[in-house]
Amino acid sequence: MFPLSWRKSSFSTGDAPNCVELAADSIGTPHLRESDDPEVVISTTPAALRAFLRAAKAGVFDRPSESA
């Protein structure tokens, strides 16, 4: 396995340790991690990541349901 080239979120500032980082492997699989715990990596599909980002931008996760 080749090492991944991680990119920090554009919302991250300076050297803050709690940043979301994203990388793609040689076949295009997206991988996400939290910079303060880099050993924990979440892998997903491009389509699932696009759907998640679209929902986040639309504010779907801004106010969790109180009945959950």
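The values are calculated or read from the model by the stated rules, or taken from the named source; none is laboratory data. Computed from a predicted model, the values in this text were never measured in an experiment. Please note: Cβ atoms are built from the backbone with ideal geometry, for glycine as well, and neighbour counts cover all protein chains shown.
For this structure, a couple of remarks:
- Those residues of the range 35-55 which are modelled with pLDDT under 90 and either over 14 Å from Pro3 (Cα atoms) or outside any loop (DSSP other than H, G, I, E, B) (or both), in sequence order: Ser35, Asp36, Asp37
- Scan of the range 36-47 for residues that are within 21 Å of Cys19 (Cβ to Cβ) and of a type outside the set (Asp, Glu), ordered by number: Pro38, Val40, Val41, Ile42, Ser43, Thr44
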